[in-house]
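Report on the following structure.
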Amino acid sequence: MNSPTRIKYLAAVVLAAFALLAPTVSHAAEKKPRTKKHTGTYSTSDGKSGTFENTTTKTKGERQSNTTWTNQDGGTGSRTSDRQRDKATGTGTFSENTTLANGKSATVQGTTKKNEDGTISTEATRTGFNGKTESLATTTTKTENGRTTTGTITNENGKTATINTTATHGDGQANKTTVINGPNGKIAERVVSTTKNSDGSGTRVIEVTKPDGTTETRTEHFTATP
């Protein structure tokens with residue numbers, strides 16, 4: 001798996017762990033599903049662009065998300081995810097399926113568990129667009145203004161890379177940095193900076209630095225849809 005694709009997969013896994021760390025709203029508030037919709041545009045440093053639409057529905061113990069996009073050539077892709085958690089047992093499951101405009105797809109499946117010390121252990125398996133699989137094991141710790149995640153990624157050949165993620169949020173701003181150190185010593189990094197306004201609109205900038213030192217940037221502008 002190339003570095004940008006791997007980091008996108010890891011981002012989804014880290015979010016699944018964060019679901020167990022997030023506070024639980026009251027039972028009464030969870031009786032009615034809550035749905036949020038966002039639409040927007042994106043552009044990349046290599047001249048690509050397009051539109052996207054996301055719908056997220058939350059019910060008691062579950063979060064479902066569906067994202068579709070159309071690129072500058074009219075090609076479409078989609079990503080669906082489902083995260084569930086059981087507050088009583090401190091466990092959860094998650095799955096994600098991504099289909100590209102060329103028809104290739106990748107899947108992620110995993111489990112999460114809240115430990116006695118408050119950390120979250122995550123185990124996941126990803127089957128990539130090339131049909132190859134990887135396994136992931138991480139531990140997520142809640143901090144005063146976000147979370148940190150550390151762990152390992154192991155491919156089919158038994159080679160292992162390490163992952164370190166730091167996420168912070170507050171005052172309408174969220175930042176997340178993920179660093180992967182490969183078995184050959186090469187490093188890849190992904191930095192996500194999100195600014196969100198009170199009306200639900202905002203901007204997200206994603207910068208990926210590859211092991212060879214080159215960078216890719218994606219800028220998204222989104223609005224909330226009633």
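With contacts taken as Cα pairs under 8 Å at a separation of at least 6 residues, the chain carries a relative contact order of 16 percent. In a reduced charge model with +1 at each Lys and Arg Cβ and -1 at each Asp and Glu Cβ, the stretch 118-191 shows a dipole moment near 140 debye about its Cα centre.
Pairs with C-alpha atoms separated by more than 19 Å, drawn from the list 60/196; 32/58; 87/142, are 60/196. Exposure proxy ranking for 218, 34, 83, based on other Cβ atoms within 10 angstrom of each Cβ and starting from the fewest, stands as 34, 218, 83.
Residue by residue, the stretch 170-182 carries 3J(HN,Hα) couplings of x, 6, x, 10, 9, 9, 9, 10, 10, 10, 10, 10, x Hz when phi is fed to the Karplus relation 6.51 cos²θ - 1.76 cosθ + 1.60 (θ = phi - 60°); x denotes Gly or Pro. Take the alpha carbon gyration tensor of the chain, find the square roots of its eigenvalues, order them as a ≥ b ≥ c, and report rounded if a/c is under 1.5; if not, report prolate when a/b exceeds b/c, else oblate. Rounded is the answer for the chain, as its axis ratio a/c remains below 1.5.
Say the dipole of the stretch 3-225 comes from +1 at the beta carbon of Lys and Arg and -1 at that of Asp and Glu; which of 135, 177, 187 then lies farthest toward its positive end? The residue sitting most towards the positive pole is 135. Between the stretch 117-171 and the stretch 26-100, the C-alpha centres lie 19 angstrom from each other. Simple point charges give the picture: +1 on the Cβ of Lys and Arg, -1 on the Cβ of Asp and Glu, and for the chain a dipole about the Cα centre of about 460 debye.
Along the axis of the charge dipole computed for the stretch 3-225 (Cβ charges of +1 for Lys and Arg, -1 for Asp and Glu, origin at the Cα centre), the listed residues 225, 164, 215 are led at the positive end by 225. Converting phi to 3J(HN,Hα) with the Karplus coefficients 6.51, -1.76 and 1.60 and the offset θ = phi - 60°, the stretch 215-224 yields 10, 10, 10, 10, 10, 10, 10, 9, 9, 7 Hz in sequence order, with x at every glycine or proline.
Not counting the cut sites, what is the longest span of the chain without GluC sites (Glu not before Pro) that DSSP labels loop and that have at most 13 other Cβ atoms within 10 Å? Longest site-free region, per DSSP loop and neighbour criteria: 1-115.
Rule-based calculations on the coordinates, nothing more; no lab input. In this text the structure is predicted, and so the values were computed from the model without any measurement. As a convention, Cβ positions derive from the backbone with ideal geometry for all residues, glycine included, and neighbour counts pool all protein chains shown.
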